[in-house]
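First comes the structure, then the notes that go with it.
The values are calculated or read from the model by the stated rules, or taken from the named source; none is laboratory data. Because the structure is predicted, anything quoted here is derived from the model rather than measured. Glycine gets a Cβ as well: all are built from the backbone with ideal geometry, and neighbour counts include every protein chain shown.
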Amino acid sequence: MLSTVLAFLVTIGVLVIIHEYGHYRAALACDVKVLRFSVGFGRVLWRRMHGETEFVVSALPLGGYVKMLDEREGAVPSSELSRAFNRKTLKQRAFIVAAGPAANLVLAVLLYACVNWAGVQELRPWMAQPKAESLADQAGLQARDEILSVAQVGSDAADEGWQTIRSMSDLQWQFTQAALAGRDLRLQVSHNASGAVDSQQRGSRTLTLPLSRIPAAEVDAKLLDRIGLMGPYVEPIIAQAMAGGPAERAGLKAGDRIVQINGQVPTDAAQLRQLIGASHDQGQVKPIQLKVLRAGQNLDITVTPAMKEVDGKQLARIEAGIGSPPAMVDVSYGPLEGLTLALNRTWDVSRMSLEMLGKMVVGQASLKNLSGPLTIADYAGRSAEMGWVHYLGFLALVSVSLGVLNLLPLPVLDGGHLMYYLFEGLTGRPISEVWMERLQRGGVAIMLTMMSLALYNDLARMLGSH
C-alpha cells in the first residue's frame, strides 16, 4: 500500500513539474514575468524564492500552475507592463500555453526511448489454444503458434506495412489499434512446437483475424478475452500440489507433465484447467483419469477433485498450481531505432487516445475506458514493483495521456485557451468576457462530469463490477 502511494505521488509530481516547467520556460523565453510556480493546490507546505519567482509545494498534489504577471488579475506597474502575459503577441501567448502539453509529449518520447534502450523482459507472443468458436479459433490460431508480424487490412483490401511482433504487449497494442479502427488484422504465424527461438525460421502461414466484427464500444481491457485469446502458451505441468488437496492425496508432484486427461491430450495449461474445471455433473464431481510423465516414466493417476465456487460458478478443482513459467523474451533496441520507435509510440498513443475520446463522445466506445486517480495509483504501484523500466513505460503512457487531455478544446484546459486564441486570430478580436465566463462554467461542468465518471469506473474496477 505504501509503495503504491509513493509511486503515485512520484508519478503525479514528475508529470505536473514537467508540464508546468514547459509553461515556465516558454514564459521566460517570451520575457513574461513569472510570479509563482506551484506544484499542487491549496495550503502551501513549502516555499522558496528563486530570482523573481516563488516556487511552492502545496497540500493537494493533483495538479499545479504557473502564475504570470497579467493585468486581468491585478494592477501591474507601468514599468513592467511589457512583461505582462496579456500584453504579449498572439503567437507568444499561444506558444506559452502550448508548451505545457508539449513538454509532456517530449517527456513521453524520452521515457519510451529509455525503455527501448535499457531493454525489458516481456512475454513471448507464443500463443495458448484459443477459446472454441472464438474469433481467434475461427481464424485458425492454434496452441504453440508464435505470431511473428501483423498488418492491418486497409479499406481498399490492401495490407498496410507489416509490423514485427516481439512480445505480447506489442501484440495487444496492435490488436487494440486495429479493433478501434474497425479493421481486420493479418497475422504471420509460425507453429513453434519446440519453443526454440530459431524455430521461427521453419516456415510460416498467414491468417486473418476479423477484428472489424468487434464494436468499438467493446475495445477495452477485456479485448483479448473477446478475441478468444487465452494468453501466452504455458506447458501443462503441475507447478505445485497444495498440501492436503486432491492433487497431493492422489500422488501428483511438482514437475509432473499431464500427457492425457480422460483420454484427451491437453494442448496447454489453460485447456488443462478448463478440462479439470468441467469434470463434474451438476455439482457432483467425477474422478479424473490422468496420464502423467514423471522423470521419463508414464504413470496413471486418478484424482477426485473438490467443488469450489469461482466467480459465482461451481467448478471442479484439484488444488494444484498448473503451468510452467511462460516463455519470456528480451526486448531492446539500438540508439536510433529506439528513439524512432519512441516517437512512433508517442504519436500512436496520442492518436489512439483522441480516437477513443471521440468515439466515447459519440457513443461508439465504452465510457468504462475512462480512468481516474485510483486506477493510476494502482498501475503506478504495480509497474514500480515490476522494476524501474516498467515504471518508466507506465510514466510515459500517463505523460502522453496528460498531454493529450490538456490539448482538448475545453475552456479550463490549455486546449481551451488555444481555442480562444484561434478565435482571436480568425476574427481579429479576443473573445468577450461574457462568453469567456459562460464557456468557463461549461468547461468546469464537463470536467467535473468526466472526473466523476472516471472515479466511478475506478471504484467499479476495484469492486469487480467492470
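Observations
- In the stretch 214-325, counting only strands (runs of 3 or more DSSP E) that sit wholly within it, the ones holding 1 or more residues that are of a type in the set (Ser, Thr, Tyr) and surrounded by fewer than 19 Cβ atoms within 10 Å (Cβ to Cβ) span 297-303.
- Residue identified as touching a strand residue (DSSP E or B) at 6+ places or on another chain (Cβ under 8 Å), surrounded by fewer than 20 Cβ atoms within 10 Å (Cβ to Cβ), of a type outside the set (Asp, Glu) and not in a helix (DSSP H, G or I) among Gly42, Gly64: Gly42
- Single match in Ala316, Ala278 (criterion: more than 20 Å from Gly244 (Cα to Cα) and at pLDDT below 90): Ala278
- Subset of the stretch 400-448 (residues that are of a type in the set (Val, Ile, Thr) and over 18 Å from Phe95 (Cα atoms)): Val400, Thr427, Ile431, Val434, Val444, Ile446
- Answer from Tyr421, Tyr391, Tyr379, Tyr456 - the residue that is at pLDDT below 85, in contact with a helix residue (DSSP H, G or I) (Cβ under 7 Å, 6 or more places away or on another chain) and surrounded by 14 or more Cβ atoms within 10 Å (Cβ to Cβ): Tyr379
- Boolean, Ala27 is of a type outside the set (D, E, K, R), within 24 Å of Leu105 (Cα to Cα) and either in the same structural domain as Val412 (by TED's automatic domain parsing) or buried (at least 17 other Cβ atoms within 10 Å of the Cβ) (or both): yes
- Only residues that are free of Cβ contacts under 8 Å to residues at least 40 places away in the same chain and at positive phi were counted across the stretch 298-329, and they come to 2.
- Per the listing Val398, Val444, the residue uniquely closer than 19 Å to Met356 by Cα and either out of contact with any Gly (no Cβ under 8 Å at 6 or more places or on another chain) or surrounded by fewer than 19 Cβ atoms within 10 Å (Cβ to Cβ) (or both) is Val398.
- Selection within the stretch 122-153: residues that are in contact with a strand residue (DSSP E or B) (Cβ under 8 Å, 6 or more places away or on another chain) and assigned to a loop (DSSP other than H, G, I, E, B). The member of this set that is farthest from Met328 (Cα to Cα) is Gly140.
- Count of the stretch 179-193 residues which are among the small types (Gly, Ala, Ser), in a helix (DSSP H, G or I) and either surrounded by fewer than 21 Cβ atoms within 10 Å (Cβ to Cβ) or at pLDDT 90 or above (or both): 1
- Of the residues making up the stretch 364-399, those that are within 12 Å of the chain's Cα centre (by Cα) and outside any helix (DSSP H, G or I) are Leu370, Ser371.
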